Amino acid sequence: MPTNFERAFEERPGVYAAWRGLVGAIRENMELRRYELATFAAAQRLGSTYCSIMHGNVLRNEVGEDILAIVNDREGTLDAVDLAVMDLAERVVVDATSITQAALQVLRDLGLTDGEIMDVVLAAAARCFFSKTLDGLCVQADAQFWELAPELQAAFVVGRPIASDRQNL
């Protein structure tokens, strides 16, 4: 059975395929963990429940991160590079025009190359497209996510609620 987000793109399968290609091109240049931290930060800042659940679960289940610690005490959990990556992703979401060369220099000083900085920006910008598309179409995270522990639901539900049943799009 397709997910709610897959059903949302049934009207425009070429757009979904192009988005998958774009994300694949972005991810192939990044370590999974960095991609997911940037994407999760962007999703949270966008207020995208669906994307927060999906990428929070990747961090938790595939990368082995303590996602609740990241949500509740990011500064006490992550190192300076991870914090800077998540901050940049959030700044792209909130107001990319506010990002200065000085802000990018902070990432360079932490050891990121210009290509790695671009990867973070691309990951956040791609998340904006997908999250805003889902929210603009009123797509909710699949009802199966009610099975998440209450503390995970509290961390991930930052916008639309989880669907009560299969959506009629």
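The values are calculated or read from the model by the stated rules, or taken from the named source; none is laboratory data. Given the structure is predicted, the values throughout are model-derived calculations rather than measurements. Here the Cβ is made from the backbone with ideal geometry for all residues, glycine too, and neighbour counts use every protein chain on show. What goes into the accessible areas is simple: the full protein's heavy atoms, side chains included, and nothing from ligands, DNA or RNA. Shrake-Rupley method; radii C 1.70, N 1.55, O 1.52, S 1.80 Å.
Descriptive notes on the structure:
- Filtering Glu31, Glu6, Glu62 for residues that are free of Cβ contacts under 8 Å to residues at least 60 places away in the same chain, within 16 Å of Met118 (Cβ to Cβ) and of a type outside the set (Ser, Thr, Tyr) leaves a single hit, Glu31.
- Test: residue in the range 51-71 that is open to solvent by 60 Å² or more (accessible area, probe 1.4 Å) and of a type in the set (S, T, N, Q): yes
Residues are listed down the side, and each one gets a yes or a no for (1) touching a Phe, Trp or Tyr at 6+ places or on another chain (Cβ under 7 Å); (2) acidic (Asp, Glu); (3) part of a loop (DSSP other than H, G, I, E, B):
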position: Ala126; (1), (2), (3): no, no, no
position: Ser131; (1), (2), (3): no, no, no
position: Leu134; (1), (2), (3): yes, no, no
position: Val139; (1), (2), (3): yes, no, yes
position: Gln144; (1), (2), (3): no, no, no
position: Gln153; (1), (2), (3): no, no, no
position: Pro161; (1), (2), (3): no, no, yes
position: Ser164; (1), (2), (3): no, no, yes
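- Residue in the range 7-50 that is surrounded by the most Cβ atoms within 10 Å (Cβ to Cβ), counting only those that are outside any helix (DSSP H, G or I) and either of a type in the set (A, V, I, L, M, F, W, C) or under 12 Å from the mean Cα position of the chain (by Cα) (or both): Ser48
- Only one entry in Asp165, Asp95, Asp135 is under 21 Å from Gly47 (Cβ atoms) and surrounded by fewer than 16 Cβ atoms within 10 Å (Cβ to Cβ), namely Asp95.
- Flag for Asp87 being open to solvent by 30 Å² or more (accessible area, probe 1.4 Å), free of Cβ contacts under 8 Å to residues at least 60 places away in the same chain and part of a helix (DSSP H, G or I): yes
- Residues of the range 98-111 satisfying the condition of being of a type in the set (Gly, Ala, Ser) and open to solvent by less than 60 Å² (accessible area, probe 1.4 Å): Ser98, Ala103, Gly111
- Residue in the range 112-124 that is open to solvent by 20 Å² or more (accessible area, probe 1.4 Å), among the hydrophobic types (A, V, I, L, M, F, W, C) and under 13 Å from the mean Cα position of the chain (by Cα) present: yes
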